[in-house]
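I have placed the structure first, in the form of structure tokens, so that the comments after it can refer back to it.
The values are calculated or read from the model by the stated rules, or taken from the named source; none is laboratory data. These numbers were taken from a predicted model, which means no experiment stands behind them. Cβ coordinates were reconstructed from backbone atoms using ideal geometry, including for glycine residues, and neighbour counts include every protein chain displayed.
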């Protein structure tokens, strides 16, 4: 009896800026056309956190027909945010409470604040009756994720966590390859993350690299790859892992920078 086995090994490198950009545009378009939001002819967005990613969210909303950016929220002043004029006429608030007190109406809050604040800000939005788009990760603790999901369900609201790389050309291609069973049954998959962030990312006095606000690579770049594994191969079980700080010991950040994980999904072994 001949044992038939096939190994899928792909070094999943999103090295093209346009791929990520295209993915985020498609994500915004998809969410805007989702049946949940068709209750309103026009959809009003508020973006909270105007860092690099928050600016991208604001730009995408402004480009989308039927979407309106009615406010931005950030603890920094408009002059400090370097908005470049694209949102110069958008009302600015320093806190979410200030926005609520203004009386402006919105249906969606985009949470683009530091990772460790996602749960707090998303929960406030849900209690205010807003749907929430949350940049990854949803939260740094699974208990907070459970609270968010339970609150959204109770209030008949929806949470969308940004995993835009599902919409990038490489992701669409590999999904089609796997679903069509071009390679037959897969028994082993190895996933490697080559996204590297050096000292240019972990700048002094920033929240990047802080365990309470950043969380570590598992919550930042590698969360996209976890999402890809589950999207492509189903939920995982029997997880075993090893974590170690190899490159920046006691320097740039206070969490571990390398890991090895092996898990099982359906009849497939996952190695990352």
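Kindly evaluate residue 66 against the criterion of being on the phi > 0 side of the Ramachandran plot and touching a strand residue (DSSP E or B) at 6+ places or on another chain (Cβ under 7 Å). It is true that residue 66 is on the phi > 0 side of the Ramachandran plot and touching a strand residue (DSSP E or B) at 6+ places or on another chain (Cβ under 7 Å).
Yes/no matrix, rows are residues, columns are (1) surrounded by fewer than 20 Cβ atoms within 10 Å (Cβ to Cβ); (2) modelled with pLDDT of 50 or more; (3) assigned to a loop (DSSP other than H, G, I, E, B):
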{"residue": "13", "(1), (2), (3)": "yes, no, yes"}
{"residue": "29", "(1), (2), (3)": "yes, yes, no"}
{"residue": "46", "(1), (2), (3)": "no, yes, no"}
{"residue": "55", "(1), (2), (3)": "no, yes, no"}
{"residue": "58", "(1), (2), (3)": "no, yes, no"}
{"residue": "72", "(1), (2), (3)": "no, yes, no"}
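The residues in region 107-117 that are touching a helix residue (DSSP H, G or I) at 6+ places or on another chain (Cβ under 8 Å) and not in a strand (DSSP E or B) can be counted, and the count is 3. Taking the criterion of being surrounded by 12 or more Cβ atoms within 10 Å (Cβ to Cβ) and closer than 28 Å to residue 163 by Cβ, the residues of region 76-92 that qualify are 76, 81, 83, 86, 87, 90. I need a count of the residues in region 144-177 that are over 20 Å from residue 227 (Cβ atoms) and part of a helix (DSSP H, G or I). Residues that pass the stated criteria total 5.
Conditions (1) at pLDDT 85 or above; (2) more than 18 Å from the chain's Cα centre (by Cα); (3) under 13 Å from residue 116 (Cα atoms), marked per residue:
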position	(1), (2), (3)
134	yes, no, yes
167	yes, no, no
179	yes, yes, no
207	no, no, yes
216	no, no, yes
219	no, no, yes
222	no, no, no
